[in-house]
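I have placed the structure first, in the form of structure tokens, so that the comments after it can refer back to it.
The values are calculated or read from the model by the stated rules, or taken from the named source; none is laboratory data. In this text the structure is predicted, and so the values were computed from the model without any measurement. As a convention, Cβ positions derive from the backbone with ideal geometry for all residues, glycine included, and neighbour counts pool all protein chains shown. In case anyone asks, the SASA skips ligands and DNA or RNA and just uses the protein heavy atoms, side chains included. Shrake-Rupley method; radii C 1.70, N 1.55, O 1.52, S 1.80 Å.
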Amino acid sequence: MSVYTLPELPYGYSALAPVISPEIIELHHDKHHAAYVKGANDTLEQLAEARDKESWGAVNGLEKNLAFHLSGHILHSIYWHNMTGDGGGEPLEADGTGELADAIAESFGSFAGFKAQLTKAAATTQGSGWGVLAYEPLSGRLIVEQVYDHQGNVGQGSTPILVFDAWEHAFYLQYRNQKVDFIDAMWAVVDWQDVAKRYEAAKSRANTLLLAP
């Protein structure tokens, strides 16, 4: 029985046009995201077989595969909800996202500084990866992370609340090799309401996620 399942999109394929074309959304969700879900489930089955047979010769590769596919599934599940056709701008007190706006200003000096850092982090990720805004529980601040592949270069315990997919499959059909143009365009569809909810949820879990001695 599968442990992980592909979540449904919270909108239609054309909801994010013209920033992201319907064709990209369909392929990205139905093919690429689905492949990570299948990969995670397949790897769990292979690990179960290894336990049953007490055969550990492939354990290093299996553990890496599980981290890769599971992180891909998690990040994509956040990614879809981080976007809306009515998004863009920046978090504001008037929109009920004032606490997120304050946290961004405190952590990065200004929204403009944060936007520039996340844009550069996503656009300059070597190879395939993500630009991520995450809540870091040890300091209680927001940080930007550059996530290689799906799982590398991440502070342990940090919770992603806004993710920019910088893999070629996220943009190439529409933006060709202009990753920077795609990342710049992404800001027009950010759903700050969703990001704010994730920020509040991450803060509320901080004490249980990282217990002080």
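Listed values, structure above:
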quantity: Condition check for residue 112: over 20 Å from residue 76 (Cα atoms) and modelled with pLDDT of 95 or more; calculated: yes
quantity: Lone unmet requirement of (1) open to solvent by 30 Å² or more (accessible area, probe 1.4 Å); (2) among the hydroxyl-bearing types (Ser, Thr, Tyr); (3) in contact with a strand residue (DSSP E or B) (Cβ under 6 Å, 6 or more places away or on another chain); (4) closer than 28 Å to residue 14 by Cβ for residue 79; calculated: (1)
quantity: Residues being more than 15 Å from residue 77 (Cα to Cα), open to solvent by 10 Å² or more (accessible area, probe 1.4 Å) and either among the hydrophobic types (A, V, I, L, M, F, W, C) or within 10 Å of the chain's Cα centre (by Cα) (or both) - total across segment 117-166; calculated: 6
quantity: Of all residues in segment 49-65 being open to solvent by 30 Å² or more (accessible area, probe 1.4 Å) and of a type in the set (A, V, I, L, M, F, W, C), the one that is farthest from residue 10 (Cα to Cα); calculated: 56
quantity: Residues (without any contact (Cβ under 8 Å) to a residue 24 or more places away in the chain and over 11 Å from residue 80 (Cα atoms)) located in segment 18-29; calculated: 18, 22, 26
quantity: Pairs with Cβ under 8 Å, 6+ apart, first in segment 4-15 and over 15 Å from residue 39 (Cα atoms), second among the hydroxyl-bearing types (Ser, Thr, Tyr) and part of a loop (DSSP other than H, G, I, E, B); calculated: 11/84; 15/84
quantity: Verdict on residue 22 being closer than 19 Å to residue 169 by Cα and open to solvent by 40 Å² or more (accessible area, probe 1.4 Å); calculated: yes
